[in-house]
Amino acid sequence: MAQRNTWQRERVREALAGAPGFISAQNLHATLRDDNTGIGLATVYRALAGMAAHGEADSLQSPEGESLYRACTSPGHHHHLICRSCGLTVEIEASDVEEWAQQTAARNGFTAPEHIVDIFGLCADCTRRRATASDDTAGAS
């Protein structure tokens, strides 16, 4: 069923596109609230769910179990590298993962496999900041 393109849904779409990486519905709602849009949290949740269902947004679960969303920049199937510290997200192709998924499914008698692969780690900048902070505390001892 197609969603109506209301001004609220369009504003959620714009706010999501302006977010630097994956963002929770609550944080996106806070941004919209700060902009005095009058858009409710339930509307944000519905808009994000619809966008994810129609391929306009990527959706994943954080390591803490919270649903996070990001405006989809690549059409079709893709994977993500996500910084646990700053949220930087890089879309990646993973042909090895695709091949593994197909082979694993076939070995077990499954067809038409689907999968989601999101890799969480620390980006280069956050790794550098942690190393610098660690060096600073070691030097202070």
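Quick one: which strands (runs of 3 or more DSSP E) lie wholly within the stretch 28-141 and hold at least 3 residues that are in contact with a strand residue (DSSP E or B) (Cβ under 9 Å, 6 or more places away or on another chain) and closer than 30 Å to Gln8 by Cα? Don't jump to the end; show me each part of the working.
Values: elements: 57-61, 67-71, 79-83, 89-92, 118-121.
Because the criterion is at least 3 residues that are in contact with a strand residue (DSSP E or B) (Cβ under 9 Å, 6 or more places away or on another chain) and closer than 30 Å to Gln8 by Cα, the strands (runs of 3 or more DSSP E) in the stretch 28-141 that meet it are 57-61, 67-71, 79-83, 89-92.
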Problem - the stretch 2-21 residues that are of a type in the set (Gly, Ala, Ser), paired with ones that are open to solvent by 60 Å² or more (accessible area, probe 1.4 Å) and not in a helix (DSSP H, G or I) (beta carbon under 8 Å, 6 or more apart) - result: Ala15/Asp35; Gly21/Cys86; Gly21/Leu88
Exercise for the section: Tell me, yes or no, whether the stretch 62-83 has at least one residue that is open to solvent by 60 Å² or more (accessible area, probe 1.4 Å), within 22 Å of Cys123 (Cα to Cα) and under 10 Å from the mean Cα position of the chain (by Cα). Expected result: yes
Practice task
Starting from residues that are of a type in the set (A, V, I, L, M) and at pLDDT 90 or above, keep the ones in the stretch 86-132 and report whichever is most open to solvent (accessible area, probe 1.4 Å).
Solution key: Ala112
Completion exercise
For the stretch 29-51, pairs from a residue that is free of Cβ contacts under 8 Å to residues at least 40 places away in the same chain and of a type in the set (Ser, Thr, Tyr) to a residue that is part of a loop (DSSP other than H, G, I, E, B) and open to solvent by less than 60 Å² (accessible area, probe 1.4 Å), with Cβ under 8 Å and 6 or more apart or across chains, are Thr31/Ala19
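The values are calculated or read from the model by the stated rules, or taken from the named source; none is laboratory data. Please read all numbers here as calculations on a predicted model, not as lab measurements. Glycine gets a Cβ as well: all are built from the backbone with ideal geometry, and neighbour counts include every protein chain shown. Accessible surface areas use protein heavy atoms only, side chains included; no ligands, DNA or RNA. Shrake-Rupley method; radii C 1.70, N 1.55, O 1.52, S 1.80 Å.
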